[in-house]
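The structure under discussion appears below in the form of structure tokens.
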């Protein structure tokens, strides 16, 4: 940082929250998505630049005269410049846009407004092996139904905090887990959780760049030997996530819960949408086998033979035990993709393309339990949660509980 550069606070700074006890504030740059928790001292220093000035000018205006005080000021100002909270006044707009491109080209994830169950938020490079990693992808530009799934990840995070709080032992720092009355025991004790934030999305950008960042975010989590749990977003996000999982684990089986086959016609030269995502997945992963559960309504003719087996909701309702015995794999690495519309709209109205006569929660839980206890879960995505169509968060609450049960079964096996 050059001491002679004239700096000014970004015009995109917004107050997100205030700690009543300490006065600390969480400030977000709405352009870049960067968040910082700032003390009253840091806020005072940021305020010194409200009238554009250099670091030297700010040092004088704050009444700092000694060398140590000047170095401390520099140490506080430098992170503000790096996070684009302070920008060069001569080219503020270009500077912030360049910073956004830097974030996109490196980390590709930005801190969320609130974390899942109040768990820690860290960068991917700090994720430890075996951690459950929550990440959001707030896009619905590929939907052909009602929009709004872009808000699914943030709403699910918010709802999670109504039920549980990530609680670690003060001595061992291990997760104490949560008591689940349904099971009569504590689940996920000792299992680390972290929330790495949301994949960066630039308004009106080419979808190819977004899907590339989704892939990079997923592969970086797999490289840390952690379990990625991506919350969408429309179902188109699954393609890059599954590609990353398959490359990280080579031999995987895809378990797909959905009302639709998502096997619509797809052209490699045209950006795909949420109705043909599985066509793309099969194309990009020539050896991948897919099992689809819950298909119903006017979903199109399922493929005959090949690598994709489709199990209709009618078959599941007729004999669930037979379906589990016949179609649930065993001893495999499995990626699970859950489209919220697999559930009946009476219990899960918050989705963009609802289909009547759907799956009941107990049935979905039976199937997920069978998958998780017979196999190793290496990746999860939950998509098409649309808060704007929900009623009193009943869908988001249901999805939260289903996800936690799935994670519990997955880690019981390990």
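Has segment 323-335 got at least one residue that is within 25 Å of the chain's Cα centre (by Cα) and surrounded by fewer than 23 Cβ atoms within 10 Å (Cβ to Cβ)? Yes. Just for segment 336-352: of the residues that are in contact with a strand residue (DSSP E or B) (Cβ under 8 Å, 6 or more places away or on another chain) and outside any loop (DSSP other than H, G, I, E, B), which one is surrounded by the fewest Cβ atoms within 10 Å (Cβ to Cβ)? Checked segment 336-352; the qualifying residue surrounded by the fewest Cβ atoms within 10 Å (Cβ to Cβ) is 336. For segment 183-205, filtered to residues that are without any contact (Cβ under 8 Å) to a residue 40 or more places away in the chain and not in a strand (DSSP E or B), the residue that is nearest to residue 369 (Cα to Cα) is 184. Per this entry, residue 177 is counted among residues that are more than 17 Å from the chain's Cα centre (by Cα) and surrounded by 14 or more Cβ atoms within 10 Å (Cβ to Cβ). Being farther than 20 Å from residue 235 by Cβ and more than 16 Å from the chain's Cα centre (by Cα) is the filter; apply it to segment 136-166 and report the residue that is surrounded by the most Cβ atoms within 10 Å (Cβ to Cβ). If we take residues in segment 136-166 being farther than 20 Å from residue 235 by Cβ and more than 16 Å from the chain's Cα centre (by Cα), then 166 is surrounded by the most Cβ atoms within 10 Å (Cβ to Cβ).
Against the condition modelled with pLDDT of 95 or more and either within 22 Å of the chain's Cα centre (by Cα) or not in a helix (DSSP H, G or I) (or both), how does residue 373 come out, does it pass? Judged against the criteria, residue 373 is not a match. Might you check whether a residue that is without any contact (Cβ under 8 Å) to a residue 24 or more places away in the chain, closer than 25 Å to residue 379 by Cβ and not in a strand (DSSP E or B) occurs anywhere in segment 312-335? Looking through segment 312-335, at least one residue is without any contact (Cβ under 8 Å) to a residue 24 or more places away in the chain, closer than 25 Å to residue 379 by Cβ and not in a strand (DSSP E or B). From the set of residues in segment 294-319 that are closer than 29 Å to residue 155 by Cβ and in contact with a helix residue (DSSP H, G or I) (Cβ under 8 Å, 6 or more places away or on another chain), which is surrounded by the most Cβ atoms within 10 Å (Cβ to Cβ)? Applying the filter and picking the extreme gives 294. Among the residues of segment 304-311, is any outside any loop (DSSP other than H, G, I, E, B) and under 23 Å from residue 389 (Cβ atoms)? No, segment 304-311 contains no residue that is outside any loop (DSSP other than H, G, I, E, B) and under 23 Å from residue 389 (Cβ atoms). So is residue 283 part of a strand (DSSP E or B) and either under 16 Å from residue 353 (Cβ atoms) or at pLDDT below 95 (or both) or not? Criteria not met by residue 283.
Here's the yes/no breakdown for (1) closer than 20 Å to residue 387 by Cα; (2) surrounded by fewer than 16 Cβ atoms within 10 Å (Cβ to Cβ); (3) outside the structural domain of residue 155 (by TED's automatic domain parsing); (4) out of contact with any strand residue (DSSP E or B) (no Cβ under 8 Å at 6 or more places or on another chain):
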site: 292; (1), (2), (3), (4): no, no, no, no
site: 321; (1), (2), (3), (4): no, yes, no, yes
site: 354; (1), (2), (3), (4): yes, no, no, yes
site: 359; (1), (2), (3), (4): yes, no, no, no
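Could you check segment 21-37 and list, in sequence order, the residues that are surrounded by 20 or more Cβ atoms within 10 Å (Cβ to Cβ) and either free of Cβ contacts under 8 Å to residues at least 60 places away in the same chain or farther than 25 Å from residue 154 by Cα (or both)? Residue satisfying the conditions is 27 alone. Within segment 38-62, the set of residues being outside any helix (DSSP H, G or I) and either surrounded by 13 or more Cβ atoms within 10 Å (Cβ to Cβ) or out of contact with any helix residue (DSSP H, G or I) (no Cβ under 9 Å at 6 or more places or on another chain) (or both) comprises 38, 39, 48, 49, 50, 52, 53, 54, 62. For residue 169, the criteria (1) surrounded by 14 or more Cβ atoms within 10 Å (Cβ to Cβ); (2) within 24 Å of residue 129 (Cα to Cα) hold in every case but one, which is (1).
The values are calculated or read from the model by the stated rules, or taken from the named source; none is laboratory data. What you see is a predicted model, and the numbers here were worked out from it, not measured in a lab. When we count neighbours, we look across all protein chains shown, and the Cβ atoms used for this are built from the backbone with ideal geometry, even at glycine.
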